[in-house]
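Here the structure comes first, spelled out in C-alpha cells, and everything after it is commentary.
The values are calculated or read from the model by the stated rules, or taken from the named source; none is laboratory data. All values derive from a computational prediction rather than experimental measurement. Don't worry about glycine lacking a Cβ; one is built from the backbone with ideal geometry, like all the others, and counts go over all protein chains shown. Protein only, heavy atoms only, side chains kept; ligands, DNA and RNA dropped before computing areas. Shrake-Rupley method; radii C 1.70, N 1.55, O 1.52, S 1.80 Å.
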Amino acid sequence: MMHDPEKSLREGSVSEEILQQWEARGIKRRDFLKFCSVMTASLALPASFMGQIAEAIEADNRPPVIWMEFQGCTGDSEAFLRANQPTAAELILDYLSVDYHETIMAAAGHHAEAAKHKTVDEYKGKYIAIVEGSIPMGADGAYCTVAGDSALNIARKVCGNAAATIAVGSCSSYGGIPAAAPNPTGAVSVSEAVPGATVLNLPGCPLNAENLTAAIVHFLTFGKLPATDRFGRPKFAYGKRIHDNCERRGHFDAGQYAEGFGDAGHRQGWCLYKLGCKGPETFHNCPTVRYNEGTSWPIQAGHGCIGCSEPQFWDTMTPFYRRLPQVPGFGIEATADKLGLGLAAATAVAFGAHGVASALRKGDETDTKVKKED
Amino acid sequence: MKTLELRYVWEWPVRLTHWFNVICIIVLSVTGYYIGDPFVSVSSTSSYVMGWMRFLHFVFAYVFTISWVVRLIWMFVGNQYARFPAFAPWASKAGWKNIARTFCYYTFVKKELPHCVGHNALAAMAYSGVFVLFLIQIMTGFALYGQFQPGGFWDGAFGWLLPIFGNQGLRLTHHIVMWLLIGFAIHHVYSGWLMDVKEKNGVMGSIFGGYKFIDPDED
C-alpha cells in the first residue's frame, strides 16, 4: 500500500476543541502544538501520533505524581523546573497532579506526609512515583530518613504500590555519586532497593527534563512505560551513543584531536577524545536534544563527555581527562599503556638475559646427524 | 651421536592459522593502539586517519576471529600434535613429567633437553592460555564494536558482557590483553630461537614447512 502523507497528517492533527481548551488556560495553540510535536519526535514516533498524544495530555484521568528525593542534590528537580519546551513545566506541574514534591510543595510537616499517604492509599496501583537520589542500605537505612522513616521503607511503600516508578538522574538509576567507592552508606539504585517495582531509569547528571516529560507523555498516551534497553533506560533517549551523533565526530574520523584545553585544535573545535571524552561509551541523546532550551551541551561547550548517564558512573568514568580507567592495584600515575610497555620491556630483558645465559651454557646441545624419512 | 629423522608435524591449517594470527596481531595491535591513543594528528579535515585505522581494525578482527574458529575446529580434527589433549599436559602423568623436565631445562637446573615431537609441555600450556586470551579479545572487541548498533547482531552476541564488566572495564581488559599478547610474542620468538639452536630440530623452520627433526628414541 502506498504511503499517504495527507492521511497521516489528518491522523496527526490536533482537534480544534483541544486547542481552544488550552488557549482558555493561557497556553497558545502554537506552543501546545510545538510541545506535542517535540514529544512525538523525542519518542521517535511518526507524526501521525501527534493527535493521540494531544488527547492523552488533555484527558482528565491523569495520574497523580509523588516525587521523592533521597540521597541526591536536587539537581534533577532543578532541571525539571527549568523544563524548556513550550510551557512544559506548566503543562506537567499544573495538569499532572503532583501531590508530593519536597522542594516545591506548599504543604509542610504532617500535612505533606498525610497528602502522600492519602495518594498512596487512594490511588494504589495508579499513581506515578518519581525518585531522585540513591537509597542507602547501610545501618538499616538510617543514613537517609524523611519524616522519621528510612528512604528504604518509603521507597518500598511508595514505589511498590505505584503504577510505574521513574528513577530520575544517575543516583536513583544506578547509585551515582553516593554509590561511588567506597560507598560508605551502601547506596543503591531504586530497582535494587525495590526489586519488585516497575522502574524506568532516566540517568544523567542531571537528567534531561525533556526525556522525563517525554516518558510521562508516553505513559499517558499508551498506558505503559516506553521500551527499554538492558539497563532499564528508554530506547528513545538512550538508544544511540553520544559519539555516533556527535557534531565533532568528523574530526574524530579525520584524526584531528585537541591535545590540551585552549590549544589550536581545541579552539578550532576538534575532537575531545584525547582529553578523555567518554562519548564513545555513553548512550544518551545529549547531542540531539541538548540542555537548557537546546542551547548547548558539554561537548559543544568544549569539554569532553564524562559519561554521567552510564551505570557505574563515577568509578569507571574517572579519571575524567583520560580515556581509560586506572588499572586496579596500581598507583594513580600508572596507565594501562605504561604498565603494558613495562611488561613488554621486562619480558624482552628477561628473555635477553636468558638468551645470554643459554648461549654461554655448553654441552646441552643435541649432537646430530640427519636421516631423511622416506 | 644421535640420528634424527624428518617428520611432518604441523599440518597446513595449523601453519596457515599461525601466520594469519601473526599478521592479525601485528595489525590489530598497531591500529588498536592508535584507536586507544591517536598518536598521529592531522591538519586536514578531509583526512580519514582514524576512520581507516578503525576500518582496518574491524576487518582484521573478522579475519582473526575466522582464524581462531578454524584453529578451534582443527583441535578436533587435526593430527595428534594439533588436537586439544596436546594443549593440556596437566591432564596426564606423562605430561607432568614433561612439564618438570622442560621447567628444569629452562631454569638451568638440568642440561637435558625436553625433546618433544609437538609442543613441549610449557609451550603447550602457554598456548592454551593464549588461546583463551584470543577468545577474550574477540569477545570484548566485538562487544565494544557492537555498541554502534544496540540491538544489532554483535550487541546481541556479546552485549551481555557490558553489565558484567562495565563498558570501561571491557575497554581496559581489551587493552591489557593486547599487552599480554605482545609480551607473549616476545617470549614465543625467543623460545623458538633457543630450541632451534639447542635442539637442532628445525623448529623455526617447521612453522613454515611443517617438518621437524625428531629423535626416534624420544618418540
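Worth pointing out:
- Cα shape, segment A:14-64, gyration tensor, a/c 1.5 rule: oblate
- With every protein chain in place, segment B:15-72: carbon and sulfur % of accessible area (1.4 Å): 80
- Per-residue accessible area (protein heavy atoms, 1.4 Å probe) orders B:Trp96, B:Trp74 as B:Trp96, B:Trp74, starting from the largest.
- Surface accessible to a 1.4 Å probe, B:Phe108 within the full protein complex, Å²: 80
- Ranked by solvent-accessible area (1.4 Å probe, protein heavy atoms only, all chains present), the residues A:Tyr100, A:Tyr143 order from largest to smallest as A:Tyr143, A:Tyr100.
- Chain A against chain B buries an accessible area of about 5200 Å², both chains summed, 1.4 Å probe radius.
- Share of carbon and sulfur in the accessible heavy-atom surface of segment A:13-237 [1.4 Å probe, %]: 51
- Element breakdown for segment A:240-344 at a 1.4 angstrom probe: carbon and sulfur atoms account for 60% of the accessible area.
- Net lengthening on full extension, A:Ala301/A:Thr74 (0.36 nm per residue, minus Cα-Cα): 79.4 nm
- A:Arg290 accessible area, assembled protein chains, probe 1.4 Å, Å²: 70
- Accessible area per residue (1.4 Å probe, heavy atoms of protein chains only) ranks B:Leu16, A:Leu220 as B:Leu16, A:Leu220, with the largest value leading.
- Protein-protein interface of segment B:147-172, residues with accessible area decrease of at least 30 Å², isolated chain reference, 1.4 Å probe: B:Gln147, B:Phe148, B:Pro150, B:Pro163, B:Asn167, B:Gln168, B:Arg171, B:Leu172
- Whole-number accessible area per residue in Å² for the protein assembly as shown, which is evaluated in the context of all protein chains at 1.4 Å: 47
- Between 0 and 90 degrees, the angle of helix B:167-199 with respect to the longest Cα principal axis of chain B falls at about 30 degrees.
- Extension gain, A:Leu81 back to A:Ala357 (0.36 nm per residue minus Cα-Cα distance, nm): 92.0 nm
- Out-of-range pairs (alpha-carbon distance over 28 Å; input A:Lys116/A:Lys235; B:Lys93/B:Lys212; A:Lys362/B:Lys93; A:Lys338/B:Lys198; A:Lys118/A:Lys224): A:Lys116/A:Lys235; A:Lys362/B:Lys93; A:Lys338/B:Lys198
- For segment B:80-115, residues shielded by at least 40 square angstrom of accessible area compared with the chain on its own, probe 1.4 Å: B:Phe108, B:Lys111
- Cβ-isolated cysteines (cut-off 4.7 Å), chain A: A:Cys36, A:Cys73, A:Cys144, A:Cys159, A:Cys171, A:Cys246, A:Cys271, A:Cys277, A:Cys286, A:Cys305
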